[in-house]
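The values are calculated or read from the model by the stated rules, or taken from the named source; none is laboratory data. Predicted model, so just to flag it, every value in this text is computed and none were measured. No Cβ is skipped: glycine too gets one built from the backbone with ideal geometry, and neighbour counts run over all protein chains shown.
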């Protein structure tokens, strides 16, 4: 009777809690949404793998471009810069193409290779200094070396493997 009296004095004591609904799952309920998530995940993985492969395949380009930038900033004589550009082009070509194809090339054959891989005639027309520079009596001018530097940068960025 004391218990009944306590309930009568406290109106909240007799209330029953509302049952809570079950927790919502984070896993999608329909098969279509599960398949869509799976396809999206596989697509992201494939895109990341292709990006990594592309970065690895073009690492030699980034290194060659950074070396070219260092050479341009250095205070080398035009004849020295010409020799450095020639070596840089040769090393970059050896990194991208088979050694048997690149190593024996010299003179006009080397310029033709550079033209063929760049898709133009820039080296045969404007880059002759690359083949004739070491054999000239007069040293190359700053303008000639600068134009060859621009051609070198274009070739490194855009050659076709």
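Here are a few things to note about the model shown:
- Single unsatisfied condition, residue 90 versus (1) out of contact with any helix residue (DSSP H, G or I) (no Cβ under 8 Å at 6 or more places or on another chain); (2) free of Cβ contacts under 8 Å to residues at least 24 places away in the same chain: (1)
- Looking at 36, 2, 6, just one residue is more than 30 Å from residue 150 (Cα to Cα), at pLDDT below 90 and surrounded by 10 or more Cβ atoms within 10 Å (Cβ to Cβ), and that residue is 6.
- Residue 150 at pLDDT 85 or above and closer than 16 Å to residue 64 by Cα: yes
- The residues on offer are 157, 70, 121, 61, and the sole one that is at pLDDT 90 or above, in contact with a helix residue (DSSP H, G or I) (Cβ under 8 Å, 6 or more places away or on another chain) and surrounded by fewer than 16 Cβ atoms within 10 Å (Cβ to Cβ) is 157.
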